[in-house]
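Note sheet for the following structure.
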Amino acid sequence: MGKTMSTNNNKTAGESGFQFEYDPAPESTDMVNIKKQNKLFINGKWMAGKSGKFFDTINPANGEKLAELTEANTEDVDRAVKAARKAFNGAWSELSPKQRGRYIYRIARIIQERSRELAVLETMDNGKPIKESRDFDIPQVAAHFFYYAGWADKLDYLFNGKSVSPIGVAGQIIPWNFPLLMAAWKIAPALAAGNCVVLKPAETTSLTALLLGEIIEEAGLPPGTVNIITGAGATGAALVNHPDVDKIAFTGSTEVGKIIARSTVNSAKKLTLELGGKSAHIVYEDAALDQAVESVVSGIYFNQGHVCCAGSRLLVEESIADLFVHKLKRRMASLRVGDPLDKNTDIGAINSPGELEKIKGLIADAIADGIEYFEPESTVLPQKGYYIKPSFFNNVASSATICRREIFGPVLAIQTFRTPEEAIRKANDTPYGLAAGIWSEKGSKIHSTAQALKAGVIWANTYNKFDPASPFGGYNESGWGREGGRHGLLSYVEVK
Amino acid sequence: MAGLNGTNTHVAKTIKLYIGGAFPRTESGRSFPVYTAESKKLYAHLCRASRKDARNAVAAAKSAINGWSSRSAYNRGQILYRMAEMLEGKRSEFVDTFVETLGYSQDEADNAVDEGIDAFVYYAGFADKYQQVIGAVNPVSGPHHNFTTPEPVGVVAMLGSDKFHFGQLISRIASIVCSGNTLVLLLAEKGAAILAPLAEVFATSDLPGGVINLLTGFLDELYIHMASHMEVDSICCEFTEGEITAKVKEEAVHNLKRVVVTPRIEPGLQSVLDFVELKTVWHPVGF
């Protein structure tokens, strides 16, 4: 289909035959001041870890070390939980709901004021394109704090006919794909409901969470209300297993989510989980095709595909499949993979060498199985750093690993269908149930499909939209509970 | 057969399981005796349901889910109300069973039936209201219509020890099916004699077969299999021991079943919320 693609590296030839050349447009890093060694934020102070151990955090765009982070051990976790308990039994709970709200509003405002710094730091630590951290992550972070700040003095309206109270100390463990945004999703509703928090960011992306600690300090919250500790799985496990934690909120893989669920069965801890997905993007033959192509592209390649709700399975109606795949190839050839700090970059760096190897392994296995593979030949990857081309597999069987397992990278699996029933059956044929997309110009078809899909978030004629007011979370093995909106607050209260 | 200690001319009822709208005996051919509370005479041989019976019941519940959840909420409410009517009509049989097998006084038995009737009527009225109470239209930034609606979680398994409280048991059953879920309920040991009249309430209320399935037998023998079954979406422990509850939670992790464990609760919104998923739909607004 179309012309043979150019195999030279001059970045000028896509499948469509023409592509603009772009000069580099790197964002400045002047705003960012990274400490060489970072401490833990416990009880309102920056404290050294008890173990004296540190680990490196790197910039995935070039593999260079950014800073050293403290490895918090069991003792540090205990100090953080004790500080949170003390704040919960004292200063934070003694504030009026109105005053608690004021503090959360302050956090939102300081985030807006320091947005450039936060965006650049997020991109350096995570590898996501600056246009995404600048235009999506950080504005959403501020919006989340702003939204939940207003709930703090309106909790009487949260649950019809009942009063609510905070749960206590929440241990929160978050992933590396949207580092600061996930911190906001966790901290903002917890504080609004009157809880105190111990947050553990992911070990590869802790820098913006630590900067949030500074912002919380600037906002003047009572010491211990929010504690931020760095470390890897062992630190997270110590937090999950701490006897004085009342609630665990985890975002991450289904595999780790199940380990956490098992480790809390003998306790009274409350648990919410936002886990993996293998979300289907259904395109009917009566869809607005060019818009649908854009949506499928952003659905899977946004944030390098490191999105739990990524539209990683495309279900396209058989009658338009060839045309759609042709359009998709052409669009993919114009995606720019490269320096995340470059304002023109569409796809940045994969967050860590381990993740990159995992994605490459799954791709190699599927190619070895003889599944039809495509990646745009004209895409040029930088020499240094962890990068991969956007790709898809076509005519994938439902039983194939790439159709069942969450890849968490820029890899799409394409299947076809002939009837709405078949589309729905295939879409629901997964243990997950996080999200789904539907493209059709027919309203009744959109609604009937949306009703039949077993997923917590349905994007109809759009994809990957998020808002603090909109509940997010999955069915089945995609997790327990919702985050966002009024429903997200229910995870942080006891109903009396 | 129930009431064997009656006179010779009394025709006693054979108590069987209730699966997929039919009344099969256990495929295992096993039974266990239940004795009257007072005289310790044989009351009936109840079916000792097997793992295969439990799997059959889950299969029946699974195949009923699409039909039941796509009934109109009004229709589900009417069917629940019909259950209240049927329970009222069988009051004396329920009272006799409570008195004979559980040793309730006449008043206690009458109160239990009253509470059961109240629960059916209460949730009959909730079937077409909880959506408005807990759903939402969300004010997102940007040109999108965004709304959140509750949906049934799917197939619910419920484990009831013989320490059950009838009003709460009916509350749970009614709150589970009012939102479109289907149910497999295991009633354990001597408490299970109540299954006979209860199954007849469901069988005569225009409830589609498979929506509610009732098993009698031993909790110890079956709970692990119900908690680990991959087609059960949620599991509810009613008055089970702490050790069993912890094991249920652990087995439930296989497919991340929603586990609902509550002490005594009053009928209310929370009981409906325990068995729904929230779905949020986005659609652009524009020309």
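The values are calculated or read from the model by the stated rules, or taken from the named source; none is laboratory data. What you see is a predicted model; the values in this text were computed from it and never measured. Reconstructed Cβ throughout: ideal geometry from the backbone, glycine too, with neighbour counts over all protein chains shown. The protein model used for the area step is the full one, side chains on, heavy atoms only, and it has no ligands, DNA or RNA in it. Shrake-Rupley method; radii C 1.70, N 1.55, O 1.52, S 1.80 Å.
Take the Cα of A:SER253, step 7 Å toward its Cβ, do the same at A:ALA91, and the gap between the two points is 3.8 nm. Taking θ as phi - 60° and the Karplus parameters 6.51, -1.76 and 1.60, the scalar couplings of region B:43-59 work out to 9, 6, 9, 9, 5, 9, 4, 9, 4, 5, 4, 5, 5, 4, 5, 5, 4 Hz in sequence order, x denoting glycine and proline.
For the protein assembly as shown, what class follows from the C-alpha gyration tensor (a ≥ b ≥ c being the square roots of its eigenvalues): rounded when a/c is under 1.5, otherwise prolate if a/b is larger than b/c, else oblate? Because a/c hits 1.5 or more and a/b exceeds b/c, the protein assembly as shown counts as prolate. For chain B, modelled as a GNM whose springs connect Cα atoms under 10 angstrom apart, the maximal fluctuation among B:ASN213, B:ASN111, B:ASN138 occurs at B:ASN138.
For region B:145-287, the share of DSSP beta bridges that are antiparallel, to the nearest 5, is 30%.
Rounded if a/c is under 1.5, else prolate if a/b is larger than b/c, else oblate: which is region A:280-460, with a ≥ b ≥ c the root eigenvalues of its Cα gyration tensor? Because a/c hits 1.5 or more and a/b exceeds b/c, region A:280-460 counts as prolate. If you take all other residues with their beta carbon under 12 Å from the beta carbon of A:ALA119, and give Lys and Arg +1 and Asp and Glu -1, the sum is -1.
Going by alpha carbons, how many degrees (0 to 90, nearest 10) lie between the helix axis of A:138-149 and the longest principal axis of chain A? Approximately 40 degrees, to the nearest 10. Can you tell me the orientation of helix B:166-178 relative to chain B, as the angle in degrees between its alpha-carbon axis and the longest Cα principal axis, to the nearest 10? Its long axis makes an angle of about 40 degrees.
Here each label is just a point 7 Å from Cα along the line to Cβ, and for B:ARG71 and A:ARG262 those points are 4.0 nm apart. With an a/c value of 1.5 or above and a/b not larger than b/c for the gyration tensor axes a ≥ b ≥ c computed over the alpha-carbon atoms, region B:1-118 is described as oblate.
In this view, the solvent-accessible surface of A:VAL32, computed with a 1.4 Å probe and all protein chains in place, comes to about 30 Å².
So, with a 1.4 angstrom probe, what is the percent of accessible area on region A:280-460 that is carbon and sulfur? Exposed carbon and sulfur together represent 48 percent of the surface. Each 10 Å bin from zero holds the following percent of Cα-Cα pairs in region A:431-496: 21, 44, 28, 6, 1. Between chain A and chain B, roughly 3100 Å² of accessible surface gets buried, counting both sides and using a 1.4 Å probe. Here the 3J(HN,Hα) profile of region A:156-171, calculated from phi with Karplus coefficients 6.51, -1.76 and 1.60 at θ = phi - 60°, is 5, 9, 6, 10, 4, x, 10, 9, 10, 9, x, 8, x, 9, 9, x Hz, Gly and Pro shown as x. Once Rg and the Kirkwood radius are both taken over the C-alpha atoms of region A:356-407, their ratio Rg/Rh works out to 0.99. Of the listed pairs B:LYS249/B:LYS279; A:LYS327/A:LYS465; A:LYS53/A:LYS258; A:LYS200/A:LYS247; A:LYS162/A:LYS270; A:LYS278/B:LYS279, which have alpha-carbon separations greater than 21 Å here? Going by Cα-Cα distance, B:LYS249/B:LYS279; A:LYS327/A:LYS465; A:LYS53/A:LYS258 fall outside the 21 Å limit. With springs only between Cα atoms under 10 Å, which of B:PRO139, B:PRO150, B:PRO208 fluctuates most in a Gaussian network model of chain B? The residue that fluctuates most here is B:PRO139. Only helical runs count toward this figure. For chain B, summing -39,500 (n - 2.57) over DSSP H runs of n ≥ 4 and dividing by all residues gives -12500 deg cm²/dmol at 222 nm. Summing Lys and Arg as +1 and Asp and Glu as -1 over all other residues whose Cβ lies under 14 Å from the Cβ of B:CYS47 gives a net charge of +4.
Return one number: the angle in degrees, 0 to 90 and rounded to the nearest 10, between the long axis of the Cα atoms of helix A:74-89 and the longest principal axis of the Cα atoms of chain A. Result, in degrees: 70. When the pairs A:LYS35/A:LYS358; A:LYS65/A:LYS128; A:LYS360/A:LYS454 are compared against a 27 Å limit on Cα-Cα distance, A:LYS35/A:LYS358; A:LYS360/A:LYS454 fall above it. Surface analysis of region A:290-351 yields an accessible area of 26 Å² per residue, using protein heavy atoms and a 1.4 Å probe. Taking B:TYR74, B:TYR123, B:TYR223 as the candidate residues, the one with maximal mean-square fluctuation in a Gaussian network model of chain B, Cα springs under 10 Å, is B:TYR74. The mean of 1/r over all distinct Cα pairs in chain B, once inverted, gives the Kirkwood hydrodynamic radius of 19.5 Å. Using heavy atoms of the protein chains and a probe of 1.4 Å, the accessible area assigned to A:LEU211 is about 10 Å². In the neighborhood of B:GLY191, defined by Cβ-to-Cβ distances under 9 Å, what is the net charge if each Lys or Arg adds +1 and each Asp or Glu adds -1? Once positives and negatives cancel, what remains is 0.
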